[in-house]
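Structure first, then comments.
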Amino acid sequence: MDAARAHGPAGVVEAHWQSLRLAWQWKQEVHRIRRPGRPYPAIVALLDAAAAQPRLRRLYPFNSHFALCFSSSTGYPWTIQGGSIEPLDNGRFTVRRRRPVAVIGEVETAEEAVALLVELLPTGPEPAITAAPDEPV
């Protein structure tokens with residue numbers, strides 16, 4: 001991450017996308033070995049679908065309790081854009097709006113969930129990637 005910070009907020013965002021995906025891929029594989037046949041939320045598929053969306057790819061991804069969120073700030077406090085997507089054990093995905101908080105829908109695929117979330121992003125200019133006030137960039 002130190003090397004990524006040298007490239008500014010965009011470098012931090014890109015490094016974190018890669019790091020987050022690798023971490024969840026590892027957790028998923030460990031789960032398959034330790035608990036064969038038991039479902040595991042499809043967060044890796046969700047990360048892949050979200051990464052394919054240019055408007056989300058320029059935001060900082062983070063998760064909380066499996067829910068995937070996107071921030072225009074690369075550090076805490078997060079500036080959440082749109083809402084969140086939660087992969088469910090049954091293979092479906094729940095999309096929630098941030099303000100006002102509401103469930104927007106439950107869908108079958110990660111791609112559908114990402115499409116719903118992209119619709120929640122602010123209209124007008126694209127959200128800018130910025131660092132948190134206390135984060136060195």
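Structure values in brief
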| quantity | calculated |
| --- | --- |
| Single unsatisfied condition, CYS69 versus (1) open to solvent by less than 60 Å² (accessible area, probe 1.4 Å); (2) in contact (Cβ under 8 Å) with a residue 24 or more places away in the chain; (3) touching a strand residue (DSSP E or B) at 6+ places or on another chain (Cβ under 7 Å) | (2) |
| Filter result for ALA42 (over 21 Å from THR123 (Cα atoms), of a type in the set (Gly, Ala, Ser) and modelled with pLDDT under 90) | yes |
| Which numbered condition ILE80 fails, given (1) out of contact with any Cys (no Cβ under 6 Å at 6 or more places or on another chain); (2) at pLDDT below 95; (3) under 13 Å from CYS69 (Cβ atoms) | (1) |
| Selection count, segment 72-102, where residues are open to solvent by 70 Å² or more (accessible area, probe 1.4 Å) and within 17 Å of the chain's Cα centre (by Cα) | 6 |
| Residue, farthest from PRO54 (Cα to Cα), within segment 107-137, restricted to residues that are modelled with pLDDT under 95, open to solvent by 90 Å² or more (accessible area, probe 1.4 Å) and among the acidic types (Asp, Glu) | ASP134 |
| Filtered residues of segment 55-104 (kept if in contact with a Phe, Trp or Tyr (Cβ under 9 Å, 6 or more places away or on another chain), closer than 22 Å to PRO39 by Cα and of a type in the set (Gly, Ala, Ser)) | SER84 |
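The values are calculated or read from the model by the stated rules, or taken from the named source; none is laboratory data. Here the structure is a predicted model, which is why all the values come from computation and not from measurement. Neighbour counts are summed over all protein chains in view; Cβ atoms, including those assigned to glycine, are modelled from backbone coordinates with ideal geometry. Protein only, heavy atoms only, side chains kept; ligands, DNA and RNA dropped before computing areas. Shrake-Rupley method; radii C 1.70, N 1.55, O 1.52, S 1.80 Å.
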